[in-house]
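K.L.:
Following this message is one structure expressed as structure tokens.
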Amino acid sequence: MKTPELTSATFDSTLGSTTQPVLVDFYTEGCGPCLMTAPIIDLIASEQSGSAVVAKIDAGIHADIAARYGITAVPTLIVFKNGQPIASTRGAQSKAAIEALLAQAA
């Protein structure tokens, strides 16, 4: 499953349209750690379908959203609950670490 791509236009509506936890992967094209994390994010998106929303946004293209959340390094993963950020981590992470981050919204 390919992880849905958010934009500045769809970011807020995606967060506001669900009561499920939302995991957002802030990445940039050509970022080595981002490329390493992408298949894990895709796998989690597939496994969590129906219980969480997993999406990504290019922090280079959508710098307004990145600035809003203080993104200074990529990849940065943020878990949102009820539209509010509740947990985050930076850098390449293992599947278990990302799942633990997402579990904080349960």
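Coordinate-derived values only; no laboratory data. Since this is a predicted model, take the numbers as computed values, not measurements. Don't worry about glycine lacking a Cβ; one is built from the backbone with ideal geometry, like all the others, and counts go over all protein chains shown.
K.L.:
Under 15 Å from the Cα of Lys56, which aspartates and glutamates turn up, not counting those fewer than eight places away in the same chain?
P.N.:
In chain and number order, the partners are Glu5, Asp12, Asp25, Glu29, Asp42, Asp64.
K.L.:
Take peptides 67-78, 51-62, 29-40 and line them up by average Cβ neighbours within 10 Å, highest first, as a rough protection proxy. Provide the component values of the computation, followed by the final result.
P.N.:
Working: 67-78: 16.8, 51-62: 19.4, 29-40: 14.7.
Most protected by this proxy first, the peptides run 51-62, 67-78, 29-40.
K.L.:
For segment 60-74, in order, what is each residue's ³J(HN,Hα) by Karplus, 6.51 cos²θ - 1.76 cosθ + 1.60 with θ = phi - 60°, in whole Hz (x at glycine and Pro)?
P.N.:
x, 6, 9, 4, 4, 5, 4, 5, 4, 9, x, 6, 10, 8, 10
K.L.:
Let me ask something additional. Among Ile44, Gly70, Gly32, which residue has its Cα furthest toward the positive end of the charge dipole of segment 11-103, with +1 on Lys/Arg Cβ and -1 on Asp/Glu Cβ?
P.N.:
Value: Gly70.
K.L.:
Between Asn82 and Thr7, what is the label-to-label distance in nm when each label sits 7 Å out along the Cα-to-Cβ direction?
P.N.:
Inter-label distance under the simple model: 3.1 nm.
K.L.:
Also, I was wondering about something else. Collect residues whose amide H, placed 1.01 Å from N in the peptide plane, falls under 5 Å from the amide H of Leu23; neighbours closer than 5 in sequence don't count.
P.N.:
The answer is Val53, Val54, Ala55, Phe80.
K.L.:
Right, another one. Separation between the Ser51 and Ala73 pseudo-spin-labels, each 7 Å from Cα along Cα→Cβ, expressed in nm?
P.N.:
Each label point is offset 7 Å from its Cα along the Cβ direction, giving 3.0 nm.
K.L.:
Within a Cβ distance under 13 Å of Thr7, other residues only, what is the Lys/Arg minus Asp/Glu net charge? Write out the running numbers ahead of the final one.
P.N.:
Working: positive: Lys56; negative: Glu5, Asp12, Asp58, Asp64.
Residues close to Thr7 contribute a combined charge of -3.
K.L.:
Taking segment 11-103 as the region of interest, what is the percent of Cα-Cα pairs per 5 angstrom bin, listed from the shortest bin to the one with the maximum distance?
P.N.:
The calculated distribution, bin by bin, is 3, 15, 28, 26, 20, 8, 0.
K.L.:
Placing +1 at every Lys and Arg Cβ and -1 at every Asp and Glu Cβ, with all other atoms neutral, what dipole size does the chain have around its Cα centre, in debye to the nearest 20?
P.N.:
Working: 6 positive and 9 negative charges, 43 e Å.
That gives a dipole near 200 debye.
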